Amino acid sequence: MTEDTPTHRPFGAEEMALLIDGKGRRFLVLLHPTRRFEYHMGVVPHTDIIGQPEGTLLRSSSGSRLRLLRPRLADFILKMKRGAQVVYPKDIGPILMWADIAPGMTVVEGGTGSGALAMALARAVGRGGRVVTAEIRDDHASHARKMIKRWFGEIPAQLELYRGPIEDAISEVAPDRVVLDIPEPWHAAKVAATSQPPGAVFCSYLPTVPQVQKLVEVMKSSGGFCETEIFETLHREWNVYGLSVRPRHQMVGHTGFVVVSRVKRPDRRVAPPQTPSE
């Protein structure tokens, strides 16, 4: 699926499809004429899906109904095959907003992982922007490349898969934004404090309190950051059936903390103006 793919056209081969059953269970399918979708309620040949418009109600071999839709990026991230743990959509949204990712910006991402956040960043900066996503592990980089190509159909022109330390990428690119999902972001913070331009945004996603504590301590001691904020996002869905309106019993609670800060130059002491001697 490329960035400018119209969603109203019929489904084609080698395209991702989202099938939703009567109980809301979601199935992500890569369409191919020789394959078929099999689940606990029957079989649907892919040839019954290819050529259908979005919103079609399909029937399995047992007569069960499946709604055909194109997956959103959030659907793809939640259902795609994973190598490293992904950043969940509930956290990607706030990261994009609080890190202020916008079209035309240059972003360096640390920890490509399975590619979830890289895909969101690439869409946010658009074709006029640039995302350099750094990964040090060969297996993660290879898996992320496959997932990114599966979603976009290709590696977008604005997305560069960088093999090497995140610190090297930050110092080489000097980006408008740094977004990290790595276990020890304090090393990158030291480089960002001197490589990013003043006013740039530094953002890190971390699962534990000790990691957050150490990162913030290093950022403070560097003297290169200001306006630091730390928060987490909780996600709870609601059920609405007529007059019965209530929250679901289960919710997505803590997944990670977002630490976001602005880059500044270290404070310098300014000597007071000298008074002319009489």
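Of note:
- Shape of the stretch 102-252, Cα gyration tensor, a/c cut at 1.5: oblate
- Amide H contacts of Val132: Val107, Val108, Glu109, Glu160, each under 5 Å away and 5 or more positions distant or on a separate chain (H built 1.01 Å from N in the peptide plane; Pro and chain starts excluded).
- Over 22 Å between alpha carbons, listed pairs Lys190/Lys220; Lys146/Lys214; Lys90/Lys214; Lys23/Lys149; Lys190/Lys214; Lys81/Lys149: Lys146/Lys214; Lys90/Lys214; Lys23/Lys149
- Helix-only mean residue ellipticity at 222 nm for the chain, each DSSP H run of n ≥ 4 adding -39500 (n - 2.57), per residue, nearest 500: -8000 deg cm²/dmol
- In percent, rounded to a whole number, the relative contact order of the stretch 15-88 is 29, using alpha-carbon pairs under 8 Å and six or more apart.
- Calculated from backbone phi, Karplus (6.51, -1.76, 1.60) coupling profile of the stretch 75-86 in Hz, x at Gly/Pro: 4, 5, 5, 6, 10, 5, 5, 10, x, 7, 4, 8
- Over the stretch 203-270, accessible surface divided per residue gives 70 Å², non-protein components excluded, 1.4 Å probe.
- Taken one residue at a time, the phi angles of the stretch 239-249 give Karplus couplings (6.51, -1.76, 1.60, θ = phi - 60°) of 9, 10, 10, x, 7, 8, 10, 8, x, 5, 5 Hz. Gly and Pro are set to x.
- Under 5 Å between amide hydrogens, built in the peptide plane, is the criterion, and for Thr233 it picks out Thr255, Gly256 among residues at least 5 positions away or on other chains.
- Distance from the stretch 86-147 to the stretch 191-250 (C-alpha centre basis), Å: 16
- The chain, relative contact order in percent, only Cα pairs under 8 angstrom and at least six apart counted: 13
- Amide H contacts under 5 Å for Glu184, placed H, 5+ residues apart: none
- Surrounding net charge for Ile182, when Lys and Arg each add one and Asp and Glu each subtract one, Cβ distance under 12 Å: -4
- Listed by chain and number, the aspartates and glutamates whose C-alpha is less than 19 Å from the C-alpha of Lys264, apart from same-chain residues fewer than 8 away, are Asp100, Glu167, Glu172, Asp176, Glu217, Glu227, Glu229.
- Surface share of carbon and sulfur [accessible, 1.4 angstrom probe, percent] for the chain: 52
- Each residue of the stretch 195-205 was assigned a 3J(HN,Hα) from its phi angle through the Karplus curve 6.51 cos²θ - 1.76 cosθ + 1.60 (θ = phi - 60°); the sequence is 9, 7, x, x, x, 5, 10, 10, 9, 9, 10 Hz, with glycine and proline shown as x.
- Since only Gly111, Trp98, Pro71 are under comparison, the one whose Cα sits farthest along the positive direction of the charge dipole of the stretch 1-138, derived from C-beta charges on Lys, Arg, Asp and Glu, is Pro71.
- Among the listed options (i) 1.03; (ii) 0.96; (iii) 1.23, the one matching Cα Rg over 2.2 N^0.38 Å as calculated from these coordinates is (iii).
The values are calculated or read from the model by the stated rules, or taken from the named source; none is laboratory data. Since the model is a prediction, treat every value here as computed from it, not as a measurement. Cβ atoms come from the backbone with ideal geometry, glycine included; neighbour counts cover every protein chain shown. Keep in mind that these areas ignore ligands, DNA and RNA; they rest on the heavy atoms of the full protein, side chains included. Shrake-Rupley method; radii C 1.70, N 1.55, O 1.52, S 1.80 Å.
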